[in-house]
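See below for the structure under consideration.
Since every read-out is calculated from the coordinates, none of them should be taken as a lab result. Model, not experiment: these values are computed from the prediction. Glycine gets a Cβ as well: all are built from the backbone with ideal geometry, and neighbour counts include every protein chain shown.
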Amino acid sequence: MADSRGSSKPRDNPYLAHLPPSQRGVGTGSNLTEKEPLYGFLPRKVNGAQVRKAMALIFLGQDGDVNPFTKQPLSGQYKKILETRKKLPVFAQMDEFLKIFTDNQIIVMVGETGSGKTTQIPQFVAYSDLPHTKGKMVACTQPRRVAAMSVAKRVADEMDVQLGRHVGYSIRFEDMTEAGTTFLKYMTD
C-alpha cells in the first residue's frame, strides 16, 4: 500500500525514519541480522535470484554454510540434494512462479507427475512468505496418508531440517508437527 506521496517502500516512509531498520519494515520485519541468509527478504516480495542465492550457499556464515531456516550448519547431503532439485522442471520456473505468487491471491498449477509441484512449490512459498518468522505455516494437502508422510520426509531432507520440527505432516490419528516451530506441513484432506 502506498503512502500519501505514492511510495510503497517502508524505508521511504518519513514517519518511520527514526526507527531501526528491523522496526520500520526493512529486512523481513523480523529479528534477522545482515549476516543471515534471509536478511532483506520482504514477505511476498522475494525474487528467484534471492531464493537461489539462499539455496546455493553463496551466503557463508562464520561457521561455514548456514541453513536459512534453522541457522544451523548444513549437512553434507544438502548440496547433493540441491543439485537434484535444480534438475526438476518447476525449479527452472521459480522466477515466474514467485512473480505470479506475488501478484495473485489464488493460483492453479498444472504440471506433469514428477515435475516438483508438491515438493518445490511449498518451499518457494516458504521462502517468499517467510512463515517461520511470523509463527505461520504453509500447508499442502495430499490425497493419501502415505503420500503426506513420504513427501514431508523428502522435503525435510531437501531443506535440511528435522522432520516433525520445521517440516511435518498431519494425518488421521497422527500429528508430526511442533507448535510454533513447524512452518511447512503436509496433510491429508
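Quick notes on this one:
- Computed from Cα atoms alone, the Kirkwood hydrodynamic radius reported for the stretch 32-188 is 15.9 Å.
- Estimated FRET transfer efficiency when R0 is 30 angstrom, pair Arg52-Glu112 (beta carbons, to 0.05): 0.85
- Reach of Lys136 by Cα under 24 Å, taken over lysines that are not fewer than 8 positions away in the same chain: Lys9, Lys35, Lys45, Lys53, Lys71, Lys99, Lys117, Lys153, Lys185
- Leu42 versus Glu83: modelled label distance in nm, points set 7 Å from Cα along the beta carbon direction: 3.7 nm
- Backbone N under 20 Å from the Arg154 label point (7 Å along Cα→Cβ), restricted to the stretch 174-189: 176-177, 183-189
- Using the Karplus relation 6.51 cos²θ - 1.76 cosθ + 1.60 with θ = phi - 60°, the per-residue 3J(HN,Hα) values for the stretch 74-89 come to 6, 7, x, 6, 4, 4, 5, 5, 4, 4, 5, 4, 4, 8, 6, x Hz, with x marking Gly and Pro.
- Ranked by how many other beta carbons lie within 10 Å on average, peptides 116-129, 88-101, 161-174, 71-84 from highest: 116-129, 161-174, 88-101, 71-84
- Under-5 Å amide H pairs with Gln142, H placed in peptide plane, nonlocal only: Met187, Thr188, Asp189
- Short-range pairs are left out: with C-alpha atoms under 8 Å and at least six residues apart, the relative contact order of the stretch 102-189 is 30 percent.
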